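Inspection log for the structure reproduced underneath, given as structure tokens.
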Amino acid sequence: MPGIARFAAGFLAAQFLQCLISPTWAAATPPPEAFGSMPAESDAVLSPDGHWLAWLDRKEAKPRVIMFDVPGRKVHRILAVPERVKLRNLAWNDNETLLIVLSETRESKISEETSREYFRTIAHDVSGGDGRMLPINPMVGDGPNKHDALLAYLVAAQVKKPHIVIMSTAYPCRCLWEVDTRTGKGSIARHGNEFTASWVVDKDGRALAREDWDWHHHAYRLFALGAEESDKPREILRKDDSEHPTLSGMLADGTAVVVLATNGRAHQAAWALPLDGSPAKLIAEEPDADITNVFTDQYTGAIVGVYVSGSVTDIHWLDPVAQRRQEVLQRSFPGREVAIYGWTIDGTKTLARVETPSSPPVYYLVDFAAHRADIAAEEYPALTGVALGGAKEISYKARDGTPIPAYLTTPAAKPTTPMPLVVLPHGGSQARDYLMFDWLTQFLASRGYAVLQPQFRGSTGFGDAFREAGYRQWGGLMQDDVTDGVRAMIDQGVADPHRVCIVGASYGGYAALAGAAFTPDLYSCAVSISGVTDLPALMRESVPI
């Protein structure tokens, strides 16, 4: 759920928990807002020449985007974020222009449809001036609305052609656009059809592939595109079931696109699908985990790594230069999770986000030539130096003997007696938790609770069989896995059987209500945060692309 709403609901839930099971906690414990406030600084990005940093700043009453002069060590520009929107992404088009991607939720006026998220991109220059909507709607002319923008998605923030980004629209056509960041004006590069869902472009901004998805009829098509729009697209993949692959990008040489799919295997893998129509080739897989995402070179658009999503996540690197960069950073921050958030075009500086489950994220600007790392931004500065709960991966047996992965967080000062326990099933339900910093988990641990995050069947990242075992099991097998996790903690002496609460958001909120309804003797309380409560209404919803 959105961060602001989650904080408000999570704060109320925590207060409710304190009233019911109220363990003793030290007076020096950080206040709730140290955990539950939105991250003070986040989404940091580095310009290609390393001269500029930008990030989202929430230290004031209203969020702002900061442009920071790295050599001058000073704030250069402060940009207000419009009301009622979410900041989705920051990206540099070049050394002068920052792209700010925003979205706004619009509720559907039709009861059978879901609300929709509408995206807009604004270009701002470090030299000053007003922002420019991308792309400007060519149908409004030169009247008072001449700066109105089409609703468009950013496909490529950087291509070889200066001052150009590549974007896609659903209206007035499902098209691929070349947009000038200086003027906001765009021109259609490729036309899709009513089913076109996404595109892949190369480093020159040229369209390589188009993905079509007719969700009503479960018809998936992937086409290789010729050099000219008049060239007939070549169908390179066809599937007619609900489990279509994920189109993720291209290989560095531009000869193949990359899709994530099981393709008959137990776990999702990464496949290269040649544009000439030849058979797919396996490029990365793990025996006990899914490949769930890709790491893309920001300058070439090529996929240089894939994310492995098992109990412990990792990156399988396809590019030796990217792998060496990660290895150097990992040695610089031993025992911590290091995520690369960008690097300069000459490779001398890298922006890295560093964290552990017990220490909140900090962005470091690493200068390899100078052998130094400076803090660029901190998400939770009020928690700096605070001893937080310890988190670890565990596994327990469900009632049918199936091993269920989970994460257990315990207070920094672990008591010798069984602890009050909060079980925190994730949302989704086709989602998962990760062994990384989580503000709600650490807030609860700071108040003396142990926190169990079960990755019940139906969770993603552990293979198709594990995920599909959750089909049609809301309140059934999925709920049993959560229940069995609580009982395992009680049997192991971790949890006090008389002080257990179940808390969750979205599907997790449904699981909390189901826990109270089906196993009332197990829980002292249940908190549902924006939980799903009307399953027939959920099933009636139409799900647009």
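Counting only the Cα atoms, the range 369-426 fills a convex hull of 203 Å³ per residue. Among 250-257, 53-60, the peptide with the highest mean count of other Cβ atoms within 10 Å heads the list, and the full ranking is 53-60, 250-257.
Counted over the range 230-307 with a bin width of 5 Å, the fraction of Cα pairs per bin, in whole percents, is 3, 15, 26, 23, 18, 10, 3, 1, 0. With both labels modelled 7 Å from their Cα along Cα-to-Cβ, the Ser530 to Arg265 distance reads 3.4 nm.
Given 25 °C and 0.890 mPa s, how large is the Stokes-Einstein diffusion coefficient of the range 361-459 in µm²/s, with Rh as the Kirkwood radius over Cα pairs? If you can, show how the numbers build up before the last one.
Values: Rh = 15.7 Å.
D, rounded to a whole number, is 157 µm²/s.
Taking the longest Cα principal axis of the chain as reference, the axis of helix 507-518 is set at about 20 degrees. The C-alpha atoms of the chain define a longest principal axis, and helix 477-491 lies at about 50 degrees to it.
To the nearest 20 debye, what charge dipole does the chain have about its Cα centre, counting +1 at the Cβ of each Lys and Arg and -1 at the Cβ of each Asp and Glu? Provide the component values of the computation, followed by the final result.
Values: 52 positive and 65 negative charges, 158 e Å.
Its charge dipole is roughly 760 debye.
Every Cα-Cα pair in the chain was counted, and those over 45 Å apart are 16% of them. If R0 equals 30 Å, the separation of the Cβ atoms of Cys173 and Asn89 corresponds to a calculated FRET efficiency of about 0.80. Computed on protein heavy atoms with a 1.4 Å probe, the accessible areas place Met489, Met38 in the order Met38, Met489, largest first.
When the P(r) of the range 432-545 is calculated, the portion above 21 Å amounts to 41% of the C-alpha pairs. Largest first and in whole Å, the equivalent-ellipsoid semi-axes of the range 56-128 read 31, 14, 8, each the square root of five times a Cα gyration tensor eigenvalue.
Separation of the range 208-241 and the range 70-98, taken as the distance between their Cα centroids, equals 36 angstrom.
I need the trypsin sites (Lys or Arg not before Pro) found in the range 459-524, filtered to DSSP loop residues with at most 15 other beta carbons within 10 Å of theirs. All intermediate terms of the calculation are to be shown ahead of the outcome.
Working: sites: Arg467, Arg472, Arg487, Arg499; in loops: Arg472.
Within the range 459-524, the qualifying trypsin sites (Lys or Arg not before Pro) (loop, at most 15 other Cβ atoms within 10 Å) are Arg472.
The local environment of Arg174, defined by Cβ-Cβ distances under 15 Å, has a net charge of -2 under the rule Lys, Arg +1 and Asp, Glu -1. Here the simple spin-label model places points 7 Å from the Cα toward Cβ, and for Lys397 and Arg331 these points are separated by 4.4 nm. Here the accessible area is traced with a 1.4 Å probe on the protein chains. For the range 370-492, carbon and sulfur cover 50 percent of it. When shorter helices are ignored and each DSSP H run of at least 4 residues is given -39500 (n - 2.57), the per-residue value for the chain at 222 nm works out to -4500 deg cm²/dmol.
Subtracting the Cα-Cα distance of Glu468 and Glu104 from their residue separation scaled by 0.36 nm leaves 127.8 nm. Axis angle, to the nearest 10 degrees, between helix 3-21 and the longest C-alpha principal axis of the chain: 0 degrees.
How many Å² of accessible area per residue for the range 258-416, probe 1.4 Å? Numbers along the way, then the final one.
Working: 7370 Å² over 159 residues.
Using a 1.4 Å probe on heavy atoms only, each residue of the range 258-416 averages 46 Å².
Straightening the chain between Arg64 and Thr255 buys 64.6 nm, computed as 0.36 nm per residue apart minus the Cα-Cα spacing. Spherically averaged projected area of the convex hull of Cα atoms, the range 148-295: 9.7 nm².
Hey, what's the Cα Rg ratio for the range 270-376 versus the globular rule of thumb, 2.2 N^0.38 Å? Write down the numbers at each step before the final one.
Numbers: Rg = 15.5 Å, N = 107, 2.2 N^0.38 = 13.0 Å.
For the range 270-376, the normalised Cα radius of gyration is 1.20.
Computed with a 1.4 Å probe over protein heavy atoms only, the accessible area of Tyr171 comes to about 150 Å².
The values are calculated or read from the model by the stated rules, or taken from the named source; none is laboratory data. Model, not experiment: these values are computed from the prediction. FYI the Cβ positions are ideal-geometry reconstructions off the backbone, even for glycines, and counts take in every protein chain you see. Areas reflect the complete protein model, heavy atoms only, side chains present, ligands, DNA and RNA absent. Shrake-Rupley method; radii C 1.70, N 1.55, O 1.52, S 1.80 Å.
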